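The structure under discussion appears below in the form of structure tokens.
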Amino acid sequence: MKIRYDSIKNNVVDVDRAFEFEESLDIYNVKEFKGRLEKVGKQYILNGNLSYSLTSRCDRCLESTTVDGEAVISQVVSNIEVVSDIVESDGLRDEEVDVYVTAIDHFDIDEFLREEVLLLTPSKKLCSEECGGINY
Ligand SMILES: [Zn+2]
């Protein structure tokens, strides 16, 4: 879902998202994200609770395995124009500003949640730490 900045009324918008996506044969499920995007000065703060799961094949034995997780999200969100202004006026470099940078006119919340879930889930997938592998 894309949130257009010019459609936000009274500087706040409630967010309620749930969707699935696939990434290299793994199935990621954003089971629920409930939160709000609030305008603070020129920037926005996204706060909310995320619950997700990842269904994939174990790297060792290839059995299907699902991990669940939850996270509290608190993220400064800013469009590219505002971020360039901050970088210029404070002499900071892009990577020193802990801001999720969006297009000028909208915030793609699904894309943000997708990246967040990918960061939160392990890149190495095991059904259990003790998994002995395919010949076990
Ligand atoms: Zn395994």
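Hey, residue 52 hits all of (1) surrounded by 13 or more Cβ atoms within 10 Å (Cβ to Cβ); (2) touching an Asp or Glu at 6+ places or on another chain (Cβ under 6 Å) but one; which does it fall short on?
(2)
Is it fair to say residue 35 is of a type outside the set (Asp, Glu), under 14 Å from the mean Cα position of the chain (by Cα) and more than 30 Å from residue 132 (Cβ to Cβ)? If you could, list the steps in order and put the result at the bottom.
Values: of a type outside the set (Asp, Glu): yes; under 14 Å from the mean Cα position of the chain (by Cα): yes; more than 30 Å from residue 132 (Cβ to Cβ): yes.
Judged against the criteria, residue 35 is a match.
So, in the stretch 35-63, of the ones that are within 16 Å of the ligand (Cβ to nearest atom) and in contact with a Ser or Thr (Cβ under 7 Å, 6 or more places away or on another chain), which residue ends up nearest to residue 116 (Cα to Cα)?
54
Looking for something under 17 Å from the mean Cα position of the chain (by Cα), at pLDDT below 95 and not hydrophobic (A, V, I, L, M, F, W, C) - is there at least one such residue anywhere in the stretch 8-17?
No, the stretch 8-17 contains no residue that is under 17 Å from the mean Cα position of the chain (by Cα), at pLDDT below 95 and not hydrophobic (A, V, I, L, M, F, W, C).
Filter the stretch 87-121 down to residues that are free of Cβ contacts under 8 Å to residues at least 12 places away in the same chain and outside any helix (DSSP H, G or I) and give me whichever is farthest from residue 1 (Cα to Cα). First the steps, then the outcome.
Taking the stretch 87-121 first, the residues free of Cβ contacts under 8 Å to residues at least 12 places away in the same chain are 87-96, 111, 115, 119.
Checking the rest, the ones that are also outside any helix (DSSP H, G or I) come to 91-93.
Details: 91: 33, 92: 31, 93: 29 Å.
Here the residue is 91.
The values are calculated or read from the model by the stated rules, or taken from the named source; none is laboratory data. Please read these numbers as outputs of a predicted model, since none were measured by experiment. Neighbour counts are summed over all protein chains in view; Cβ atoms, including those assigned to glycine, are modelled from backbone coordinates with ideal geometry.
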